[in-house]
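Undergrad: My questions will all concern the structure given below.
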Amino acid sequence: MSDTLAPLRNIPDRLNSRAFRTFRSWESLLLAVAVAIFVVNSFTSPYFLNAWNLSDATFNFTEKAMIAFAMALLIIAGEIDLSVASIIALASTAMGLAVQHGAGTPELVAIGLTVGLLCGAFNAVFVTVLGLPSIVVTIGTMSLFRGISYIILGDDAFRGYPTSFAWFGQGYIYWVFTVEMLFFVIIAVIYGVLLHKTSFGRSVYAIGNNPTGALFSGIRVQRVKFILFLLTGLMSGVAAICLTSRLGSTRPSIAQGMELEVVTMVVLGGVNILGGSGSIPGVVIAAFVMGLVTFGLGLLNVPGIVMSIFIGLLLIGVIALPRLWTMAARAKKR
Amino acid sequence: MLSRKIPVRETILAGAIGLLLILAASRFSGFVAPANLANVFNDTAPLIILALGQMVVILTRCIDLSVAANLALTGMAVAMINVAFPDLPIPVIIAIAILLGGLMGAINGILVWKLSIPPIVVTLGTMTIFRGMIFLISDGKWVNSHEMSASFTGFPRAEILGLPILSWAAIVAVVIFAVVMSRTPLGRSIYAVGGNPHAAVYTGINVGKTQFFAFVISGALAGLTGYLWVARYAVAYVDIAGGFELEVVAACVIGGISIAGGIGSVGGAVLGALFLGVVKNALPVVNISPFWQLAISGSAILIAVAFNASAGRTKGRIILKSAEKST
């Protein structure tokens, strides 16, 4: 968004060691924050260090994190998708409609994923084929998709999902480990490999840093962006399945405001909102940080609306801290 | 005498609004009665005022997602002040509202200017902080109409020349902004910063400071609207104007303000807000369920952004676009 002049580059006479670079990385700072929060929570509430409680706490972030991984790639590429929560609402509504017509669990899963993909494709066409700015397109489709949900449902709700469907959002693999947590881990690994170990991932970084340069380097810029929007749509479909399964019902207001929480998670994870840099491990740690904060505050009976103050401060603070540190260090050198 | 080009975007948008009015009138002729049109305008006044502030911010290549939370916090603050000091004069309350809103805008501005944090991240964070602070200062309680003084709730409803003061506030804001944006150094620097920030630096404009002023203006207008909103509806609680920030951005987009900065007009912002206002008020009149409003607004945004983009394409971009599409 803001395009201030880039700071003067300082070319070092030698690179720091790998260990030093890792220590100074964003992920390490975030990890330290996560550890600090964990320790503080352990002392402030006797109920925090309980395996089943911690397991329940993961529901706070697993669904959002699934979307956050795809969103991270999109933001690194210089775009954004604010319609993800509305896609959840529409996919959930579609699944609810299907239940009314006797659909079973496999059909519901197929419908959820398909609707997610179609919504992603809809966004992709506007952004890549028509060349429109993604923040505006997805503000429009945010209203459109949820609007369709409201047209279908009004102020009613869908219920009566099949028992086997509950596995996704309420099932456990073994002991305290939930199905959602398993999905979270698998999806994190997939996106980590995709972004950090493939040429596709490198093209995402290239596009985010300089789309014109990437174009003339032979990267199919619009095709990559198209795929990224499909991925955010698909992951929203997955999240819709998990969330609908966990709640057991569908309202048109389902997942309201979740898109901003997803963006917060991505930015907190160290992804530059202007594109070009970021990592999946960062987003994973950010997911845990946000989950631990909301869970810990919940145990202390802090109202949900007040929790948002902590999240907001965390978001600005974690980004502001390194800059303040840099400014202070630079002032010393002068 | 040189004749200026008629602004195409604004003309088409005005035409679209006119078409909407005709459609509504064909189903219910009373809709276009002057009294009802005045009501529609009055209902849309808060959106118009906020859209002006958002326009200024977007023109500088920033975005302010905290306007609705700012409005809600300021509204709650002045409502509680009115409960504690019922005899405080209205001008003092309005001054407090504007200062409070401006202060919150300044917080956004400082973070964007001095720490170079992206505006969408700053205002995403402050949006949640401001919204949460409403709960802290009010302890989750509502301020209801019977707790507000008669002068507090009466002010935006009082009529001058047949229009409520709320409507006049919007009209005055529009006039002031029309003058400032086209006739003052600040207005010019706002367009310059959005159009080409690097070039703006070399003409002596402080980019960060200009963006700071934009956020202060947006915040101050949110504060003013906070008082007007709370007094008009005679209630204050944590969730007022929930999600309204996206409506404000939508009004700007529909009005032709480019999200990439530097392009847009006061007229566009006003017409964008009026378009959404007319849609909202017309639906019940023509027996369309209010549940359709969200989808219609979303479609309008997509149509508007697609139209504005195609109208704004330059020849140079067409060549590049063709090359891009061939890959």
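Undergrad: From the backbone phi of the stretch A:87-95, what are the Karplus-calculated ³J(HN,Hα) couplings (6.51 cos²θ - 1.76 cosθ + 1.60, θ = phi - 60°) in whole Hz, Gly and Pro given as x?
TA: Couplings: 5, 4, 4, 5, 4, 5, 5, 4, 5 Hz.
Undergrad: Right, here's the next one. Is there a quick way to get the dipole size of the stretch A:48-319? I mean about its Cα centre, with the Cβ of Lys and Arg at +1 and of Asp and Glu at -1; what is the value in debye to the nearest 20?
TA: Value, rounded to 20: 500 debye.
Undergrad: Using θ = phi - 60° and the Karplus curve 6.51 cos²θ - 1.76 cosθ + 1.60, what whole-Hz ³J(HN,Hα) does each residue of the stretch A:70-85 get, with Gly and Pro shown as x?
TA: Here the 3J(HN,Hα) series is 5, 4, 4, 4, 5, 5, 4, 7, x, 10, 8, 9, 8, 9, 4, 5 Hz.
Undergrad: Taking +1 at the Cβ of each Lys and Arg and -1 at the Cβ of each Asp and Glu, which of B:GLY187, B:PRO46, A:ALA214 sits farthest along the dipole of the protein assembly as shown towards its positive end, judged by Cα position relative to the Cα centre?
TA: In the protein assembly as shown, that residue is A:ALA214.
Undergrad: A follow-up question, please. Please report the relative contact order for the stretch A:48-319, taking Cα pairs under 8 Å with a sequence separation of at least 6, and give it as a percent rounded to a whole number.
TA: In percent, rounded to a whole number, it is 36.
Undergrad: Would you mind estimating how fast chain A diffuses translationally, via Stokes-Einstein at 10 °C and 1.306 mPa s with the Kirkwood radius over Cα pairs, in µm²/s?
TA: 75 µm²/s
Undergrad: Percent of accessible area on the protein assembly as shown owned by carbon and sulfur, 1.4 Å probe?
TA: 67 percent
Undergrad: Let me ask something else about it. Compute the signed sum of charges (Lys and Arg +1, Asp and Glu -1) over the other residues within less than 15 Å, Cβ to Cβ, of B:PHE212.
TA: Computed value for this residue: +2.
Undergrad: So if I place +1 on the C-beta of Lys and Arg and -1 on the C-beta of Asp and Glu, and nothing else carries charge, what would the dipole magnitude of the protein assembly as shown be about its Cα centre? I want it in debye, nearest 20.
TA: Once rounded to the nearest 20, the dipole reads 2360 debye.
Undergrad: Would you mind calculating the relative contact order of the stretch B:130-241 from Cα pairs under 8 angstrom and at least 6 residues apart, reporting the percent as a whole number?
TA: Once normalised by length, the contact order is 43 percent.
Undergrad: Jot down the radius of gyration and Dmax of the stretch B:49-277, Cα atoms only, both in angstrom.
TA: Every Cα atom of the stretch B:49-277 included, Rg and Dmax give 17.3, 57 Å.
Undergrad: Specify the inter-centroid distance of the stretch A:90-160 and the stretch B:75-113, based on alpha-carbon positions, in whole Å.
TA: Between the Cα centre of the stretch A:90-160 and that of the stretch B:75-113, the gap is 40 Å.
Undergrad: Note down the accessible area of A:ASP56, probe 1.4 Å, to the nearest 10 Å².
TA: Spelled out: A:ASP56, probe radius 1.4 Å, area about 80 Å².
Undergrad: Still on this structure, please answer the following. Just the accessible area for A:THR294, please: 1.4 Å probe, Å², rounded to the nearest 10?
TA: Here the accessible area works out near 30 Å².
Undergrad: Let me ask you something else. Place a +1 charge on the Cβ of each Lys and Arg in the stretch B:49-277 and a -1 charge on the Cβ of each Asp and Glu, then give the dipole magnitude about the Cα centre in debye, rounded to the nearest 20.
TA: Using Cβ point charges on Lys, Arg, Asp and Glu, the stretch B:49-277 gives about 560 debye.
Undergrad: In Å, what is the Rg of the alpha-carbon atoms in the protein assembly as shown, and how long is Dmax?
TA: For the protein assembly as shown, the Cα-based Rg and Dmax read 25.0, 84 Å.
Undergrad: Of the options B:ILE98, A:GLY131, B:PHE135, report the single residue whose Cα projects farthest towards the positive end of the charge dipole of the protein assembly as shown (beta-carbon charges: Lys, Arg +1; Asp, Glu -1).
TA: A:GLY131
Undergrad: Shielding of B:109-118 by partners, i.e. mean partner chain Cβ atoms within 10 Å per residue?
TA: 4
Undergrad: Projected onto the charge dipole of the stretch B:49-277 (+1 at Lys/Arg Cβ, -1 at Asp/Glu Cβ, origin at the Cα centre), which of B:GLY125, B:THR74, B:ALA241 gives the Cα projection farthest towards the positive end?
TA: Working it through, the farthest residue towards the positive pole turns out to be B:GLY125.
Undergrad: While we're looking at this one, here's another question. Does the stretch A:48-149 classify as rounded, prolate or oblate by the C-alpha gyration tensor (a ≥ b ≥ c root eigenvalues; a/c under 1.5 gives rounded; else a/b over b/c gives prolate, otherwise oblate)?
TA: The shape class here is oblate.
Undergrad: May I pose another question? Around B:ALA269, what is the net charge, scoring Lys/Arg as +1 and Asp/Glu as -1 over all other residues with Cβ under 15 Å from its Cβ?
TA: Here the charged neighbours net out to -3.
Undergrad: I'd like the mean, over residues of B:131-140, of how many other protein chain beta carbons sit within 10 Å of each residue's own Cβ.
TA: 4
Undergrad: If each of B:ALA234 and A:ASP156 carries a label point 7 Å out from its Cα toward its Cβ, how far apart are those two points in nm?
TA: It is 3.6 nm.
Undergrad: Using the structure shown, select from A:LYS332/B:LYS209; A:LYS225/B:LYS280; A:LYS333/B:LYS114; A:LYS197/B:LYS209; A:LYS333/B:LYS209 the pairs with a Cα to Cα distance greater than 30 angstrom.
TA: Distance filter (> 30 Å) returns A:LYS225/B:LYS280; A:LYS197/B:LYS209.
Undergrad: Still on this structure, I have one more. Please identify the longest segment of chain A free of exposed chymotrypsin sites (Phe, Trp or Tyr not before Pro), where exposed means a DSSP state other than H, G, I, E or B and no more than 14 other Cβ atoms within 10 Å.
TA: Looking at chain A, A:176-334 is the longest stretch - no exposed chymotrypsin sites (Phe, Trp or Tyr not before Pro) with at most 14 other Cβ atoms within 10 Å.
Undergrad: Taking only DSSP H segments of four or more residues, each worth -39500 (n - 2.57), what value at 222 nm results for chain A once the sum is divided by all its residues, to the nearest 500 deg cm²/dmol?
TA: Here the helix-only value at 222 nm equals -23000 deg cm²/dmol.
Undergrad: How crowded by other chains is B:249-261, given as the mean number of beta carbons from other chains within 10 Å of each beta carbon?
TA: Per residue, the number of nearby Cβ atoms from other chains is 3 on average.
Undergrad: Of A:ARG223, B:ARG183, B:ARG232, which has the most accessible area with a 1.4 Å probe, and how do the rest follow in descending order?
TA: My answer, sorted largest first, is B:ARG183, A:ARG223, B:ARG232.
Undergrad: Mind checking how much accessible area A and B bury in total, 1.4 Å probe, in Å² rounded to 100?
TA: Approximately 4600 Å² gets buried when A meets B.
Undergrad: Ok, one more. How much net charge surrounds A:ALA68 when only other residues with a Cβ under 13 Å from its Cβ are counted (Lys, Arg +1; Asp, Glu -1)?
TA: Within the 13 Å Cβ shell, the charges total -3.
Undergrad: Can you work out the Karplus-derived ³J(HN,Hα) for every residue in the stretch A:158-173? Use 6.51 cos²θ - 1.76 cosθ + 1.60 with θ = phi - 60°, whole Hz, and x for glycine or proline.
TA: Ordered by residue, 3J(HN,Hα) equals 9, 9, x, 5, x, 4, 5, 5, 5, 3, 4, x, 10, x, 10, 7 Hz.
Undergrad: Using Cα pairs under 8 angstrom and six or more residues apart, how large is the relative contact order of the stretch A:165-220, in percent?
TA: 15 percent
Undergrad: Ignoring the sites themselves, what is the longest stretch of chain B with no chymotrypsin sites (Phe, Trp or Tyr not before Pro) in a DSSP loop and at most 16 other beta-carbon atoms within 10 Å?
TA: Result for the longest clean stretch: B:143-327.
Undergrad: In what sequence, largest accessible area first, do A:SER217, B:SER116, A:SER143 appear using a 1.4 Å probe?
TA: Result, largest first: A:SER217, B:SER116, A:SER143.
The values are calculated or read from the model by the stated rules, or taken from the named source; none is laboratory data. Quick caveat, the model's predicted, so the values are computed rather than measured. Virtual Cβ from ideal backbone geometry, glycine too; neighbours counted across all protein chains shown. For accessibility, only protein heavy atoms count, side chains too; no ligands or nucleic acids. Shrake-Rupley method; radii C 1.70, N 1.55, O 1.52, S 1.80 Å.
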